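So the structure is just underneath, and the comments pick up after that.
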Amino acid sequence: MDKKFRKTVIAGNWKMNQLASGVPAYADTLKAGLAVGAQEEVVLCAPYPLLPALLAAVDGTPVRVGAQDVSAHDAGAYTGEVSAAMLADLGVTYCIIGHSERRAYHAESDALVNEKLKALLKNGVTPIICVGESLEQRDAGETLKVVSEQIKNGFADISADEARGVVVAYEPIWAIGTGRTATSEQAQEVCSFIREYLAENLYDWDTSKAISILYGGSMNGKNCAELLAQIDIDGGLIGGASLKPAEFAGMVKDGNEDA
Ligand code: PGA
């Protein structure tokens, strides 16, 4: 099966939730239910001020820590920004980029997302690049066009070798935080399209088969197993449900069984 070529990635996105003081209790509950497969990566993407507490709380476990954004710049006069080198220096190994909330509320362009992707790769931090269409775009039949543009521009000037170190998350905007999950067929259709696009238009099938493609959008303990059973869905980017450690641990188990 194709999935043996790549990792299953179960990634939580806490967004702007949780406090550093709440991290140890969260981690205790998570660890109590945690069973991570050999081909599986478990990641928690937390707000910047929580990263040290989270790194300490999951130390010695297979859980990796990620950030939710990064500066495109190396260093300098960029007030409020956090560089990829700072994340790597802390021990952060993943970082979400191009989340639809940042594209919408902070006017992040594909070109900026591409710069951020390069900054992360340069510093050995694995990018999780988010792509996905709005409801209007889906209703207008533009889903594959929108997603292919985001993929093409996001991967601009990235070699095949570098691309193997990138994780893609397909997150239809209409499914994020709405409780309206894409059906497993809808999610598989777009994830499979992304893999084909990477293989046929940007790289080759060997490279494309090595890239983990996640689904995100109202994924939870109930719908996770069915989504992960799809051949081109290699994991999940999980918002709301990742705030509940017991439920998140259950989703890690689903990923373990699927890998
Ligand atoms: P959700 O968020 O699971 O709460 O829909 C997913 C995401 O935005 O990454």
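Heavy atoms only, probe 1.4 Å: what % of the accessible area of region 1-54 goes to carbon and sulfur, would you let me know? Ligands and nucleic acids excluded, carbon and sulfur reach 63 percent. Of the listed residues HIS99, HIS73, HIS106, the order by accessible area with a 1.4 Å probe, largest first, is HIS106, HIS73, HIS99. Backbone phi angles across region 5-11, fed through the Karplus curve with coefficients 6.51, -1.76 and 1.60 (θ = phi - 60°), yield HN-Hα couplings of 7, 9, 7, 8, 10, 9, 10 Hz in residue order; Gly and Pro are listed as x. Please say if the chain is rounded, prolate or oblate, where rounded means a/c under 1.5 for a ≥ b ≥ c the square roots of the C-alpha gyration tensor eigenvalues, and otherwise the choice is prolate for a/b larger than b/c and oblate otherwise? Taking the square roots of the gyration eigenvalues as a ≥ b ≥ c, the chain is rounded. For LYS222, the lysines whose Cα falls under 18 Å of its own Cα, not counting residues fewer than eight places away in the same chain, are LYS244, LYS253.
Cα centroid separation, region 158-178 to region 208-233: 12 Å.
Across region 172-188, coupling constants 3J(HN,Hα) worked out from phi with the 6.51/-1.76/1.60 Karplus curve, θ = phi - 60°, read x, 4, 5, 9, 7, x, 9, x, 9, 6, 5, 5, 4, 5, 4, 5, 4 Hz, and Gly and Pro carry x. Each label was represented as a point 7 Å from its Cα along the Cα-to-Cβ direction; for ALA32 and SER134 these points are 4.4 nm apart.
Here the accessible area is traced with a 1.4 Å probe on the protein chains. For region 213-259, carbon and sulfur cover 50 percent of it. Normalised radius of gyration (Cα atoms, divided by 2.2 N^0.38 Å) for region 24-133: 1.11. Of ASP254, ASP206, the residue with the largest accessible area leads and the full order is ASP206, ASP254 (1.4 Å probe).
In the context of the full set of protein chains, residues of the chain present 42 Å² of accessible surface per residue (probe radius 1.4 Å, heavy atoms only).
Using the charge dipole of the chain (Lys, Arg: +1 at Cβ; Asp, Glu: -1 at Cβ; taken about the Cα centre), state which of ASN256, GLY141, GLN188 has its Cα farthest towards the positive end. Farthest along the dipole direction, towards plus: ASN256. Rounded to 0.05, the FRET efficiency of the ALA25 and LEU90 pair, given R0 = 30 Å and the Cβ-Cβ distance, is 0.90. Computed about its Cα centre, the charge dipole of the chain is approximately 560 debye, with only Lys, Arg, Asp and Glu carrying charge at their Cβ.
Amide H contacts under 5 Å for GLY216: TYR170, GLU171, LEU237, restricted to partners 5 or more places along the chain or on a different chain, H placed in the peptide plane at 1.01 Å from N. Relative contact order, whole percent, for the chain stands at 25, derived from Cα pairs under 8 Å and 6 or more residues apart.
Within a straight-line Cα-Cα reach of under 29 Å, LYS152 can be paired with the following lysines, leaving aside sequence neighbours fewer than 8 residues apart in one chain: LYS3, LYS4, LYS7, LYS15, LYS116, LYS118, LYS122, LYS209. Near MET219: Cβ cut-off under 11 Å, other residues only, Lys/Arg at +1 and Asp/Glu at -1. The net charge is -3. Extension gain, ASP74 to THR183, is 35.2 nm, computed as 0.36 nm per intervening residue step minus the present C-alpha separation. Element breakdown for region 162-206 at a 1.4 angstrom probe: carbon and sulfur atoms account for 43% of the accessible area.
Could you give the longest part of the chain that holds none of the trypsin sites (Lys or Arg not before Pro) found in DSSP loops with at most 13 neighbouring Cβ atoms within 10 Å?
Counting only loop sites that pass the neighbour cut-off, the longest clear stretch is 1-179.
The values are calculated or read from the model by the stated rules, or taken from the named source; none is laboratory data. All values derive from a computational prediction rather than experimental measurement. Methodologically, a virtual Cβ is constructed for each residue, glycine included, from the backbone with ideal geometry; neighbour enumeration extends over all protein chains shown. For the accessible areas, the whole protein counts, side chains as well, though only heavy atoms, and no ligand, DNA or RNA atoms are used. Shrake-Rupley method; radii C 1.70, N 1.55, O 1.52, S 1.80 Å.
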